[in-house]
2 protein chains.
Amino acid sequence: MKLPTSTEWVLHCATTLAQLEAGETASAAQLATYYDLPAPYLAKQLQALVRAGVLTATTGPRGGFRLARPAAEVTLLEVVEAVRGASQPYECREIRQQGAGALPPQDCRDTCILAVKMAEAHDAWRAALAGESLADVLAGIPATAPERTRTKLRAIRPGP
Amino acid sequence: MKLPTSTEWVLHCATTLAQLEAGETASAAQLATYYDLPAPYLAKQLQALVRAGVLTATTGPRGGFRLARPAAEVTLLEVVEAVRGASQPYECREIRQQGAGALPPQDCRDTCILAVKMAEAHDAWRAALAGESLADVLAGIPATAPERTRTKLRAIRPGP
């Protein structure tokens with residue numbers, strides 16, 4: 001049960017974009033240089049964030065990525081599920097209905113209680129991440145961090 | 001982020017063993033036949049439950065597996081972590097310390113706030129499973145189920 005390696009990338013990139021001035025963007029190449037990540041693969045992950053409605057991509061010479069909504073309205077769950085998907089980690093293959101002990105179909109109309117309890121645990125994980133926004137993350141970093149982030153990011157050539 | 005397929009196996013086998021009479025056991029071969037699972041691989045998972053302190057293995061002609069403790073004292077977390085381990089699903093590779101935006105080491109003495117929030121979500125998942133015992137599972141199945149389980153299981157030859 002591992003999250004994709006890119007989970008760390010998108011959480012950091014979304015946090016970085018949350019520190020930009022209004023209207024400012026950053027390109028995939030800039031973010032890749034900022035974090036020393038493979039640009040083409042990072043670009044794919046950022047596009048996944050666009051599809052998930054977390055980021056907006058703008059084109060043109062000053063184009064790039066920015067948050068699609070205010071940082072207080074983007075949850076960590078949205079960022080994480082943009083790259084991992086929203087599937088349950090626990091897979092119920094209905095083994096209760098197979099083998100010598102197989103339950104008859106009429107006893108299996110309800111979801112297996114073990115699958116229910118595993119789903120409840122996954123719901124608890126999702127609720128924890130849904131309760132944390134990018135604004136909450138920014139509230140936990142030093143007050144000087146956003147200005148430093150912007151300065152370091154602007155010093156990187158946006159291209160190609 | 002998927003749990004091992006065997007997670008379903010061990011959850012069901014532990015629930016089955018929780019329905020036996022005091023002193024009664026079931027062999028890996030019996031449980032494999034009961035659920036139509038590959039016996040050698042299931043046996044390995046049951047040994048993992050023994051190592052985790054969830055099951056006790058007894059030897060001899062009437063030997064087999066039984067719960068190491070009362071069902072009320074065995075949590076779903078113990079069963080699940082016996083086969084998946086207890087590692088975090090989120091891997092922090094400290095990308096905050098690499099690339100053009102790298103934070104200096106003195107700013108990274110504390111755990112990255114993103115890793116903290118991901119760990120809190122994992123803690124919520126663990127707490128949900130730690131709050132459910134095998135007795136809670138049994139409380140959610142029909143009152144006639146344990147007798148049916150024992151009868152079906154006893155009808156299977158214990159060997160080899």
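The values are calculated or read from the model by the stated rules, or taken from the named source; none is laboratory data. Remember, it's a predicted structure, so these values are computed and weren't measured experimentally. So basically every Cβ, Gly included, is an ideal-geometry build from the backbone, and we count neighbours across all protein chains shown. Accessible surface areas use protein heavy atoms only, side chains included; no ligands, DNA or RNA. Shrake-Rupley method; radii C 1.70, N 1.55, O 1.52, S 1.80 Å.
Accessible surface of B:Ile141, taken over heavy atoms with a 1.4 Å probe and every protein chain present, rounds to 40 Å².
Here A:Lys2 is the anchor, and the aspartates and glutamates within straight C-alpha reach of less than 12 Å, apart from those fewer than 8 places off in the same chain, are B:Glu91. Residue by residue, the stretch A:42-54 carries 3J(HN,Hα) couplings of 4, 4, 5, 5, 5, 5, 5, 5, 5, 4, 7, x, 7 Hz when phi is fed to the Karplus relation 6.51 cos²θ - 1.76 cosθ + 1.60 (θ = phi - 60°); x denotes Gly or Pro. A point 7 Å from Cα along Cα→Cβ stands in for A:Pro142, and the other copies hold the same point at 6.5 nm, listed in rising order. A 1.4 Å probe, protein heavy atoms only, puts the accessible area of A:Cys108 near 20 Å².
Given the DSSP H assignment, sum -39500 (n - 2.57) over each helix run of at least 4 residues in the protein assembly as shown and divide by its residue total; what's the result at 222 nm in deg cm²/dmol, nearest 500? The helix-only estimate for the protein assembly as shown comes to -14500 deg cm²/dmol at 222 nm. Interface size, chains B and A: roughly 4900 Å² of accessible area buried, both sides included, 1.4 Å probe, rounded to the nearest 100.
Taking all protein chains as present, what is the carbon and sulfur share of the accessible area of the stretch B:83-148, in % to the nearest whole number, probe 1.4 Å? That fraction is 51 percent.
Plainly put, the tip 7 Å out from Cα toward Cβ on B:Ser87 is 2.0 nm from that tip on each other copy, the closest given first. The distance linking the stretch B:26-95 with the stretch A:32-70 is 43 Å (Cα centroid to Cα centroid, whole angstrom). Our analysis of the stretch A:1-150 gives Rg over Rh at 1.14, with the two radii drawn from alpha carbon positions and Rh computed by the Kirkwood formula.
Using Cα-Cα distances under 8 Å and only pairs 6 or more residues apart, what relative contact order does chain B have, in percent? The partial results should precede the final answer.
Working: 170 pairs, mean separation 52.4, N = 160.
Relative contact order here is 33 percent.
Computed over the protein assembly as shown, the Cα gyration tensor eigenvalues convert (square root of 5λ each) into semi-axes of 50, 18, 16 Å, ordered from largest to smallest. With label points defined 7 Å past Cα in the direction of Cβ, position A:Asp107 shows copy-to-copy spacings of 6.2 nm, given to one decimal and shortest first.
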